[in-house]
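Visitor: Structure in structure tokens, see below.
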Amino acid sequence: MASIEQIIKREVNPFDPVTFKAGNFWQEQQDPVLTVEYIHQDILIEIEALLDLVAQDRRTRTLMLYGDSGSGKTYLLGRLKRTFNRKAFFVYIDPFPDSDFIWRHVLRYTVDSLLQVPQGQQESQLLLWLKGLSVFKQRSILERIRGDRQAFIRKLRDTYSTGIYNANEFFSVLYDLLNPELRLLACDWLRGDDLNEEDLKKLRLKSAINTEDAAQKILANFGRIAAETQPIVLCFDQLENIARLPDGNIDLQALFTVNSSIHNQNLKNFLVIISLITDIGRQNADRIHQSDKARIDHRVSLKRISLDLAEALWASRLYPLYKQANPKPPTPIAPLTRKILEMKFPGGKTDPRNALRLGQKLIQGYKVGGKFEEDSVAVLKLLWLEEFNNIQQRVSRIRQFSSQELIRMFQEVLAALQVAEIRPKLLPGTKYGSYSVSYEQPGKSTRVGVVWTEEPHLSNFFYVMNACQKAIQQNLCQTLYLIRAEGVGKETNKGYKLYQQIFTGSPHRRIVPDMTSVYYLATYHSLANAARSGELVVAGETPNINDLEALIRDSQILQNCSLLQDLGIFKDQRNARNGNEVTNNSNGKKMDTLQQLKDFLLTLVTTQQLMGHQVLIQNALNQFQMVNESKVLQAIQQLCQENRIQILNAKASPEAQLVCLVPKG
């Protein structure tokens with residue numbers, strides 16, 4: 001038997017800030033137990049009614065979702081998907097890095113989301129969409145033409161005789177979606193990857209989707225065919241980190257232009273949701289054309305919640321602890337009280353995040369018996385590890401990101417590390433400019449250029465190499481790095497010949513990136529999105545992008561990224577590897593498993609101050625699934641011997657033992 005006070009001391013704080021951050025709802029899985037149904041329930045009902053209208057008359061509509069930072073906009077989008085995925089297909093679109101590629105970005109994330117499998121289903125949204133078309137409603141028809149490509153294409157052409165762009169190729173790719181051996185390649189084509197000639201030949205296609213016009217028209221194909229199936233919900237979120245205009249403001253007009261085009265082309269069966277911080281929307285209102293504003297069909301705003309709902313939010317977080325307690329606490333929020341809420345929020349209203357932050361602070365006070373100082377760097381390290389693991393699970397190849405996204409993520413990391421004189425778009429020309437960036441070499445006054453391209457098609461590669469040659473001839477940088485995991489062709493290819501001329505002698509060279517380096521960049525990008533959107537909480541505070549950058553530098557997390565090491569970003573690791581071509585197959589200065597375990601355990605104890613020995617072990621086993629309990633115990637023992645943590649009641653039963661941090665000095 002254990003009282004609620006004893007349970008609080010041994011368990012991880014139930015208001016753990018790791019659970020505060022929301023994001024792409026196909027990547028951040030919500031725990032239904034933590035959802036308070038009545039929070040923003042009126043908005044949920046309002047959006048469902050709009051979705052039902054789209055399903056009834058197939059007319060596309062656009063909804064603007066406004067809310068203050070911390071009001072729960074991103075969380076609400078995830079809840080919408082979780083609640084209504086049975087009646088619609090949901091697409092989450094990350095912030096676009098370059099307005100010149102916005103249609104290709106929207107198409108890429110539409111297909112990526114459609115590849116996700118909804119809860120309770122066995123097949124992806126994309127296959128459910130395809131098999132839901134009226135032409136295939138009778139299973140016998142689908143089975144009869146499944147083995148006959150031409151019959152499949154002919155059936156679709158007869159059904160959709162007009163308005164389909166590049167119909168033969170588009171329907172041919174839809175046919176390949178039904179073939180497990182070609183499905184991934186077909187999806188790569190649909191999402192706009194510039195496939196090489198060999199892959200195009202496998203799909204019996206002549207060209208890839210490599211222009212904005214083509215991407216827009218392929219998306220239009222989905223819209224025209226989707227009129228017979230469930231609606232497709234396009235969710236644009238975290239817009240505070242989209243491409244910026246020359247004056248530094250976000251380019252919202254580019255997004256509103258896309259929305260108007262969807263309406264003007266009479267695309268059917270879409271519900272477009274644009275989520276925006278209220279103040280950001282107000283500041284940019286005059287930058288949006290009046291005709292584009294008129295394309296917004298409905299507007300909703302998330303309001304602050306009542307203290308009754310704040311109390312229910314506390315109860316949902318405390319329930320796992322409440323369930324264990326014996327005797328049962330007097331109220332579902334004990335040891336917290338309603339009076340504390342009333343004192344903290346005398347107006348009777350708050351937002352969900354502030355209620356959670358207060359709960360986290362109070363519970364931490366109960367754990368350690370009074371005031372405490374949270375270690376922001378330690379909290380950030382836990383947030384980082386959680387996000388890093390999520391990305392590692394869902395990203396299996398570098399080409400899941402476009403070249404524009406990869407260079408944007410790299411540029412964000414440069415800014416976080418205070419690299420001087422960062423200039424986007426090194427390469428001459430619009431298209432390949434967004435594959436590149438230049439900066440001042442740390443510790444030197446020389447200029448470094450970086451080009452990152454992963455498009456497989458070798459014609460594209462030739463044009464990139466040609467642009468690289470022009471950049472060198474114009475002396476736009478003194479050292480040029482090519483980052484590329486994809487192949488560079490053969491001796492007979494023009495692009496390969498240029499590559500050999502540029503990157504096989506000093507000072508220019510190629511770096512073949514490893515997946516772990518990409519995970520580093522993508523993890524920081526995700527946290528940066530959250531920080532710019534006001535959705536990141538670290539040690540009870542909501543850091544802006546400058547605060548996050550400072551924490552990243554203080555944590556030194558990025559110093560283990562081998563790509564950054566090979567580029568000489570860190571002074572003591574400059575030119576860490578020799579040779580003109582560097583292949584990263586490791587994690588840079590990779591720590592052994594025991595050291596990683598020790599770092600995690602120490603970081604967790606630092607953030608919690610006090611916790612149960614068994615709870616600490618279980619958290620480590622959950623985090624490091626490749627290790628056993630004896631390895632964890634070894635790491636704990638070493639930390640005790642190093643006088644960094646202490647087991648308070650070592651002679652008690654394992655369940656009753658507590659671990660605390662040994663104060664410095």
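The values are calculated or read from the model by the stated rules, or taken from the named source; none is laboratory data. Keep in mind that this is a model prediction, so the values were computed, not measured. Reconstructed Cβ throughout: ideal geometry from the backbone, glycine too, with neighbour counts over all protein chains shown.
Visitor: Hey, can you tell me all the residues within segment 111-127 that are of a type outside the set (Ser, Thr, Tyr) and in contact (Cβ under 8 Å) with a residue 12 or more places away in the chain?
Guide: Listed by number, the residues that qualify are VAL111, ASP112, LEU114, LEU115, GLN116, PRO118, GLN119, GLY120, GLN125, LEU126, LEU127.
Visitor: Taking segment 642-663 only, how many residues are exposed (fewer than 11 other Cβ atoms within 10 Å of the Cβ) and of a type in the set (D, E, K, R)?
Guide: Result for segment 642-663: 1.
Visitor: Given the residues GLU387, GLU405, which is the only one that is surrounded by 21 or more Cβ atoms within 10 Å (Cβ to Cβ), outside the structural domain of LEU601 (by TED's automatic domain parsing), assigned to a helix (DSSP H, G or I) and touching a Gly at 6+ places or on another chain (Cβ under 9 Å)?
Guide: GLU387
Visitor: Whether any residue in segment 626-639 is of a type in the set (Gly, Ala, Ser) and touching a residue at least 12 places away in the same chain (Cβ under 8 Å) is what I want to check.
Guide: Within segment 626-639, one or more residues are of a type in the set (Gly, Ala, Ser) and touching a residue at least 12 places away in the same chain (Cβ under 8 Å).
Visitor: Can you name the residue in segment 273-327 that is among the β-branched types (Val, Ile, Thr) and part of a helix (DSSP H, G or I) and, of all such residues, is surrounded by the fewest Cβ atoms within 10 Å (Cβ to Cβ)?
Guide: Residue satisfying both the conditions and the ranking: THR278.
Okay, residues lined up against (1) assigned by TED's automatic domain parsing to the domain that holds THR492; (2) part of a strand (DSSP E or B); (3) over 29 Å from ASP188 (Cα atoms); (4) not β-branched (Val, Ile, Thr):
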position: LEU427; (1), (2), (3), (4): yes, no, no, yes
position: SER438; (1), (2), (3), (4): yes, yes, yes, yes
position: ASN460; (1), (2), (3), (4): yes, no, no, yes
position: GLN469; (1), (2), (3), (4): yes, no, yes, yes
position: LEU476; (1), (2), (3), (4): yes, no, yes, yes
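Visitor: If a residue has to be small (Gly, Ala, Ser) and surrounded by 16 or more Cβ atoms within 10 Å (Cβ to Cβ) to count, how many in segment 365-384 make the cut?
Guide: Matching residues across segment 365-384 total 2.
Visitor: Shifting gears a bit: Of the conditions (1) more than 18 Å from GLN411 (Cα to Cα); (2) assigned to a strand (DSSP E or B); (3) not aliphatic (A, V, I, L, M), GLY449 satisfies every one except a single condition; which number is it?
Guide: Of (1) more than 18 Å from GLN411 (Cα to Cα); (2) assigned to a strand (DSSP E or B); (3) not aliphatic (A, V, I, L, M), only one is false for GLY449: (1).
Visitor: Then there's this: Filter segment 408-425 for residues that are in contact with a helix residue (DSSP H, G or I) (Cβ under 6 Å, 6 or more places away or on another chain) and farther than 19 Å from THR516 by Cα; which is surrounded by the fewest Cβ atoms within 10 Å (Cβ to Cβ)?
Guide: The extreme case among them is ILE422.
Visitor: Can you tell me which residues in segment 6-42 are outside any loop (DSSP other than H, G, I, E, B) and either among the aromatic types (Phe, Trp, Tyr) or under 25 Å from the mean Cα position of the chain (by Cα) (or both)?
Guide: PRO17, VAL18, THR19, PRO32, VAL33, LEU34
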